[in-house]
1. Identify all lysines with a Cα-Cα distance to K255 below 18 Å; exclude those on the same chain that are fewer than 8 residues away in sequence.
2. Segment 112-266: D in µm²/s via Stokes-Einstein (Kirkwood Rh, Cα pairs, 4 °C, 1.567 mPa s)?
3. Which net charge results when you count Lys and Arg as +1 and Asp and Glu as -1 among the other residues whose beta-carbon is under 11 Å from that of W218?
4. About the Cα centre of the chain, how large is the charge dipole given +1 on each Lys and Arg Cβ and -1 on each Asp and Glu Cβ? Please answer in debye to the nearest 20.
5. Filter K84/K171; K114/K149; K163/K251; K28/K132 down to the pairs with a C-alpha to C-alpha distance above 24 Å, please.
6. Bin width 5 Å, origin at 0, all Cα-Cα pairs of the chain: what percent of pairs per bin?
7. Let me see the pair-distance distribution of segment 186-246: every alpha carbon pair, 10 Å bin width, integer percents in order.
8. Once you place label points 7 Å from the Cα toward the Cβ at K149 and V17, how far apart are they in nm?
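Coordinate-derived values only; no laboratory data. Since this is a predicted model, take the numbers as computed values, not measurements. Every residue, glycine among them, receives a Cβ derived from its backbone with ideal geometry; neighbour counts consider all protein chains shown.
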Amino acid sequence: MTEKTNKHYPLTEEERVFFDDNGYLILKGVLPDDVVTLALEKVDDLWRKHKQKEPESQSIHLFDFVEEEDFFLNLLDWDKTITKVVNLLSSNIFLFHSHLDVNLPGEQPLPIEKLEWHRDSDIIEMDLNVLKTHMFSVKVSYWLSDVSKPNRGNLLIIPGSHKMERSSLSKADFEKAVPMLVAPGDAVFFDRRVWHARSPNISSVTRKALFYGYSFRWLASRDIFRRHKKTDNPVWNQLLGCYEDPRSRYKPNLKDLPMGIWDVDR
């Protein structure tokens, strides 16, 4: 398998401006072909296990999938994406949520307004009783199947909707929705506040993707995280929530944040 390099790929000014304006960013070809192939093998293994339990199932939305196979840890700090995540949030982050998606073809078309439109972690605004607040988390989705054409279960995003106040969507908002047209090995970053949904997969292609959600270490994890033993990789330890002193999440020092050297804005 192609190994990660020690190179860092910080967010460019052009990328930052686009992300700030639109709430998402597409990066082409961040995973080489052999990594995509190996990822597909691991996903297919999990899909087979799922089908043994639920033979009639047409999809899987598996939370906390990084615990299922050590291979998935390699993408936790993938060289072409992780520095950009640090630049968008800070170095005091961890993997608070992950999910693996498989969606078989043959779904029924739906009007765009009938899709499952949502914002991630919108309980933040509800609990704080505010209409707008901070980004708080970023998701990086790695695409393993070819969704470079519409109607393949594409991620749909309403550009700029991360700037909207907490409210319901209008017909005019739905008309602005953009499908993420991406190929195997591409990645899509998106702000948790951006309105998004999955389009029906009415194609002949099985949709397969991996989603890694990063947030600040002082927020609670959405996933269970069965893995609490330390690894030999200090970055993985941070991202997997392994720490000796829980106070370090609120007042970290340099040894707690091995990614701090990438945090160029702080």
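1. Filter leaves K229, K230.
2. Rounded to a whole number, D works out at 73 µm²/s.
3. +4
4. 360 debye
5. With Cα atoms farther than 24 Å apart: K84/K171; K163/K251; K28/K132.
6. Taking every Cα pair in the chain, the percentages come to 1, 6, 12, 16, 19, 18, 14, 9, 4, 1, 0.
7. 14, 38, 29, 16, 3, 0
8. 3.5 nm
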